Amino acid sequence: MAANPIKQLFGQTAVYGMGVVLPRFLNFIVLTPFYTRVLPPEEYGVITELYAYVVFLLVVLTYGMETGFFRFASNSKEKEKVYTSVLTSVFTSSLIFAILVILFLKPISTGMDYEQYPKYILWLAMIVALDAFTAIPFARIRLYNKPLKYSLIRIVEVVVNVGLILFFLSYAPKHVEHSPWIAKIYNDQLGVGYVLVANLVASFVKLLLLSGEIFAVFKGSLDMQLLKKVLKYSYPLLIAGLAGAVNEALDRVLLKHLLDPNENPMAQLGIYGANFKIAVLMSLYVQMFRYAAEPFFFANSNEKNAKELYADVMKFFLIAGLLIFLVVTLYIDYFKLFIGPDFREGIGIVPVILMAVLIMGAFFNLSAWYKLTNKTLIGARLVIIGALITIVINVLFVPRFGYYASAWGHLICYSVMVILSYLWSRKHYRIPYDFKRILFYFAIIVAFFYIDHILSVKELSFVNYVKPIMVIAACFIFYKGEIGTFMKYKPVKANK
């Protein structure tokens, strides 16, 4: 084991952050303020809904093969054979999907209530097919520990995407009458469709940049027996992934159907989607951690102190996430400026979403036990339970409480999943998580949050001076309790 595997993990998390955080941060810092100022809530609702479908489709078209690839290639001498087999499978399924959408475009677009905009659905399908296929070359980059390459490709992709969106939705409309070449390529009737056009072009650029990884497929050979083993391992992850997609994105699909038509459901969806974006710092942190952690878990699975290591990873992960929660909620009046005034009425959901995303990250940490023991079917059951909770909460409470019910549905769903996963893990792969300290840290942060809320409601003049004191106090508590241990890390068994 490395002298300090925790430092190694969080170091790789930081590098992957360039490819995960920076692109999404650019989207947040540029596109979210831009969209919510140039588009009315109804049109932003269209973007929110369409990209919710992307979440489901990517799960179907990757069908757990990323994790399956890591599982079979991490400790294998035939990494290239695994890569060739997996990439061939995903390429074939993505191609079939694209062909089916082209053949049945009209009924699909009608069924999605986009019969007037079938091109939107076609472009969306092409984006999903390309993203699903390129997920495996990206996984290969992660397997061979090339976070810088991964990051650079992601950054180029998002720069192209953001640049084209700004061009089509801002620059082109202002100059189309005076520029013949813009007049040839710009259609003012396309509107938010240009968001999809820009994304599609960026996906093609990403495909070109990954050509070296894609052509590496010829270094190995297709092994059908090996592929069957990977598929057998991965199919429960597909089930879990679909249920996870329900937890993550079903609310954005259902809202327009559950809300009162007189309340302008697409506008409500746009407001919900915009405020969801304010939780981006937590989402970025969780996502970049996941990219670094999955190969890390498999790589350290045979170490003597692996379980103690996983327990400490959970604790340090939650500490950093709690600090993000505290900073964003204390300074929410500044973060809400990133969205347009027409969208700020939904700002109350942000603390709920922040905590829900952090708890989702905790569930990902817990998922190590069933992935390492090949009990992925249990993982599927856990996420299915979460999906059922999500569906019930949305169907029963959205008509009455609107998108606030959807936000609380996320938090309740992920909390139940974490509790059940922990209880099951104690039977199959007992990891000594130090829940006494973890719960103590949660209590401290939640107490600070409520103190700030009470002071703000009372409009006390000194409230702004209290905020930095609370942030410094939280950092001090964490440092004295854990960070010193982190810097000179040696796995220590926690209280069971």
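The values are calculated or read from the model by the stated rules, or taken from the named source; none is laboratory data. This one's a predicted model, so the numbers in the text were calculated from it and none came from an experiment. Cβ placement follows ideal geometry from the backbone for every residue including glycine, while neighbour counts extend to all protein chains displayed.
Among the residues of the range 318-328, those identified as crowded, with 19+ Cβ neighbours inside 10 Å and more than 19 Å from the chain's Cα centre (by Cα) are Ile319, Leu326. Summed over the range 332-376, residues that are in contact with a Pro (Cβ under 9 Å, 6 or more places away or on another chain) and closer than 20 Å to Val446 by Cα total 1. When you look at Leu152, is it modelled with pLDDT under 90 and among the aliphatic types (A, V, I, L, M), yes or no? Spelling it out, Leu152 is indeed modelled with pLDDT under 90 and among the aliphatic types (A, V, I, L, M).
Yes/no per residue for (1) surrounded by 13 or more Cβ atoms within 10 Å (Cβ to Cβ); (2) of a type in the set (Ser, Thr, Tyr); (3) at pLDDT 90 or above:
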site	(1), (2), (3)
Ile445	yes, no, yes
Leu455	yes, no, no
Tyr465	no, yes, no
Gly484	no, no, no
Tyr489	yes, yes, no
Lys493	no, no, no
Lys496	no, no, no
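The range 21-106 holds helices (runs of 4 or more DSSP H) entirely within its bounds, and those carrying 2 or more residues that are over 30 Å from Leu281 (Cα atoms) and of a type in the set (A, V, I, L, M, F, W, C) map to 65-73, 79-103.
So which residues in the range 55-75 are more than 16 Å from Ile141 (Cα to Cα) and either crowded, with 24+ Cβ neighbours inside 10 Å or of a type outside the set (Val, Ile, Thr) (or both), if there are any at all? Result: Phe56, Leu57, Leu58, Leu61, Thr62, Tyr63, Gly64. On the stretch given as the range 120-136, residues that are closer than 10 Å to Leu200 by Cβ and either free of Cβ contacts under 8 Å to residues at least 24 places away in the same chain or charged (D, E, K, R) (or both) total 1. Filter the range 215-229 down to the residues that are closer than 19 Å to Tyr144 by Cα and either among the small types (Gly, Ala, Ser) or buried (at least 17 other Cβ atoms within 10 Å of the Cβ) (or both) and list them by number. Selection gives Ala216, Val217, Gly220, Ser221.
The residue pairs whose first member lies in the range 190-219 and is touching a residue at least 40 places away in the same chain (Cβ under 8 Å), whose second member is assigned to a loop (DSSP other than H, G, I, E, B), and whose beta carbons are closer than 8 Å, counting only pairs six or more residues apart or on different chains, are Val192/Leu39; Gly193/Tyr117; Val197/Leu190.
Of the residues Pro23, Pro33, which single one is within 30 Å of Tyr83 (Cα to Cα) and modelled with pLDDT under 90? Lay out the reasoning, then the answer.
Numbers: Pro33 fails: within 30 Å of Tyr83 (Cα to Cα).
Residue meeting the stated conditions: Pro23.
Note on the range 93-117: residues that are in contact (Cβ under 8 Å) with a residue 12 or more places away in the chain, more than 27 Å from the chain's Cα centre (by Cα) and under 16 Å from Tyr53 (Cβ atoms) total 2. Pick out the one residue from Gly193, Gly212, Gly244 that is surrounded by fewer than 20 Cβ atoms within 10 Å (Cβ to Cβ), small (Gly, Ala, Ser) and within 24 Å of the chain's Cα centre (by Cα). So the residue among Gly193, Gly212, Gly244 that is surrounded by fewer than 20 Cβ atoms within 10 Å (Cβ to Cβ), small (Gly, Ala, Ser) and within 24 Å of the chain's Cα centre (by Cα) is Gly193. Residues in the range 425-443 that are surrounded by 18 or more Cβ atoms within 10 Å (Cβ to Cβ) and either aliphatic (A, V, I, L, M) or under 22 Å from Pro351 (Cα atoms) (or both): Ile431, Ile438, Tyr441.
Every test in (1) loosely packed, with under 13 Cβ neighbours inside 10 Å; (2) part of a loop (DSSP other than H, G, I, E, B) is passed by Glu115 save one, and that test is (1).
Conditions tested, residue by residue: (1) surrounded by fewer than 17 Cβ atoms within 10 Å (Cβ to Cβ); (2) charged (D, E, K, R).
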residue	(1), (2)
Arg290	no, yes
Val313	no, no
Phe316	no, no
Ile332	no, no
Leu337	yes, no
Glu345	yes, yes
Ile391	no, no
Phe397	yes, no
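When Ile182 is tested against (1) touching a His at 6+ places or on another chain (Cβ under 6 Å); (2) on the phi > 0 side of the Ramachandran plot, only condition (2) is not met.
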